[in-house]
Structures are given as structure tokens and as C-alpha cells.
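K.L.:
Let me give you the structure first, and then I'll get to my questions.
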Amino acid sequence: MTPDLIGLIKEKQAQIVKLQQELDEARAVLSNGSGIQVSINHPRPQPKKNRHQAKTGKPASLTGGPAKQQSSTGLAFRVLKENHRPLHLDEIVEKISKLGFTVNKGTLVGNLARRVLTKNMFYREKPNVYGLVEWQKQEIRP
């Protein structure tokens, strides 16, 4: 090891000692003689993984499973399927409202973006213009 690297390591070790002392002082202040033990070193317990997440490593909401028919993505799927072409987000929202449903535009954008990332239902043709992935697959075929 080079001398400047050794010096850097010693400097970092001294910083660690100083931080440990500050941590001990903070624990003493927090306990404040109340008898309550304060543990700062332990990470928060992680929530248990559901069965799907244990198998795939991804939460179920990010895997891109089928959309429920009356969810915002389910309604967008229906509108796109009925129109047989990619549509701008505003058109999708307008056509969903004509079906008698109310969809928050911000929620729909987020849900469509998540589905675009999973590449199993929607694709983004241009900014705010969405189509169905199945249409892309048809274009590739000879």
C-alpha cells in the first residue's frame, strides 16, 4: 500500500471512532434516564414478502399481470382495443369518461408508465401517446 492510502485509512478510522462517540452520546441523551433502550445500529425490519414477490423478487404490482377491467389500465386497454390505434392520453381519458367512468389523469399516467416498463400491455409511441404491445408484435411479423 502507498503511504497516502495508509494515511487515508487511518484518517477514516479516526472519523469512525469520533462518530461512534457521537452515537453513544446521542443514545445517552435519547434514553434520558427513562430506562428505555435506544438502538440505532439495527436496521428497520423489512416487511415480509408475499408469495409472488418471493418467487419473482418483484412486488405483484410491478410484474405487469393482467389489468382488472374497471381499473384505469383496464379501461385504457379497452379504449385502445376499441379504437385500433395508439391514442394520446387526453383522448384516452375522454373516451373513458364517455364509457361512464372517471379516471384521474395523473393516476392513469403513472399506471401506464409502469405497464410500459414491464412491456407486457402498453408501449409509448410518442410522449403521452400509448398503444398496445400486441400491435407491435403484429408489425414485426412478416
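The values are calculated or read from the model by the stated rules, or taken from the named source; none is laboratory data. Note that the coordinates shown come from a computational prediction; the quantities given were computed from them, not determined experimentally. In this analysis, Cβ positions are derived from the backbone assuming ideal geometry, glycine residues included, and neighbour counts consider all displayed protein chains.
K.L.:
Would you tally the residues in the range 21-47 being modelled with pLDDT of 60 or more, exposed (fewer than 10 other Cβ atoms within 10 Å of the Cβ) and of a type in the set (S, T, N, Q)?
P.N.:
Within the range 21-47, residues that are modelled with pLDDT of 60 or more, exposed (fewer than 10 other Cβ atoms within 10 Å of the Cβ) and of a type in the set (S, T, N, Q) number 2.
K.L.:
A further question on this structure: Which members of the range 98-114 meet the condition of being in a loop (DSSP other than H, G, I, E, B) and among the small types (Gly, Ala, Ser)?
P.N.:
100 - this is the single residue of the range 98-114 that is in a loop (DSSP other than H, G, I, E, B) and among the small types (Gly, Ala, Ser).
K.L.:
Got a number for residues in the range 121-132 being outside any strand (DSSP E or B) and exposed (fewer than 14 other Cβ atoms within 10 Å of the Cβ)?
P.N.:
The number of residues fulfilling the criteria is 1.
K.L.:
Could you say whether any residue in the range 79-91 is at pLDDT below 85 and either part of a loop (DSSP other than H, G, I, E, B) or over 30 Å from residue 21 (Cα atoms) (or both)? Quick ask: steps written out before the conclusion?
P.N.:
Looking only at the range 79-91, we keep the residues that are at pLDDT below 85, and these are none.
The answer is no, given that none of the residues of the range 79-91 is at pLDDT below 85 and either part of a loop (DSSP other than H, G, I, E, B) or over 30 Å from residue 21 (Cα atoms) (or both).
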